[in-house]
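Single-structure report; data block below.
The values are calculated or read from the model by the stated rules, or taken from the named source; none is laboratory data. Only a predicted model underlies this, so the values are computations on that prediction, with no experimental measurement involved. All Cβ positions, glycine included, derive from the backbone under ideal geometry; neighbour counts span all protein chains shown. Ligands, DNA and RNA are stripped out before the accessible areas are found, and what is left, the full protein with its side chains, is counted by its heavy atoms. Shrake-Rupley method; radii C 1.70, N 1.55, O 1.52, S 1.80 Å.
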Amino acid sequence: MGHGPAARRQTPSRSPAALAYSAGMETEQGTVRIDSWIWSVRLTKTRALAATACRGGHVRLNGERAKAAQPVKPGDEVRLRQAGRERIVVVKRLVRKRVGAPVAVECYVDNSPPPPAREEVVVAGVRDRGTGRPTKRDRRELDQLRGH
């Protein structure tokens, strides 16, 4: 075993997908747990959050409520509800380990509706400090401003 530049093996540069495949991240056969796949393709930040979403009923696989250990395969439709938004993705490729964003995008087809436009934040119902408790009339006006 030598040390130094002569001992280092030179590898040709490859695409992120090719690197992921060569690292054994893609599975040609079999299935992957849905919580693991959701985390691997970066739909959630942690696997624990993905499992919690499954337990809470926020994940649906082909229209049915999914458990965390339920297997996913190419062609399945996964619906994930998070932060008031529903993500609808169709599985293209299975990955077991978390991959980079460019590779993750290649693993699914995103059929999600566009995110809601950010509305201008209107501060409704701000009262001056020291004005006391709001009257019944004030509360009704505040409720009307808030849309209740």
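Summary table
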| quantity | calculated |
| --- | --- |
| Selection count, the stretch 62-92, where residues are open to solvent by 10 Å² or more (accessible area, probe 1.4 Å), assigned to a strand (DSSP E or B) and hydrophobic (A, V, I, L, M, F, W, C) | 2 |
| Flag for Glu141 being surrounded by 10 or more Cβ atoms within 10 Å (Cβ to Cβ) and in a strand (DSSP E or B) | no |
| Some residue of the stretch 115-127 being assigned to a loop (DSSP other than H, G, I, E, B) and within 15 Å of the chain's Cα centre (by Cα) | yes |
| Test: Leu49 is outside any loop (DSSP other than H, G, I, E, B) and either loosely packed, with under 11 Cβ neighbours inside 10 Å or modelled with pLDDT under 55 (or both) | no |
| Of the criteria (1) within 12 Å of the chain's Cα centre (by Cα); (2) small (Gly, Ala, Ser); (3) part of a loop (DSSP other than H, G, I, E, B), which one Gly130 fails | (1) |
| Answer residue from the stretch 94-113, given it is assigned to a loop (DSSP other than H, G, I, E, B) and out of contact with any strand residue (DSSP E or B) (no Cβ under 6 Å at 6 or more places or on another chain) and is most open to solvent (accessible area, probe 1.4 Å) among those | Lys97 |
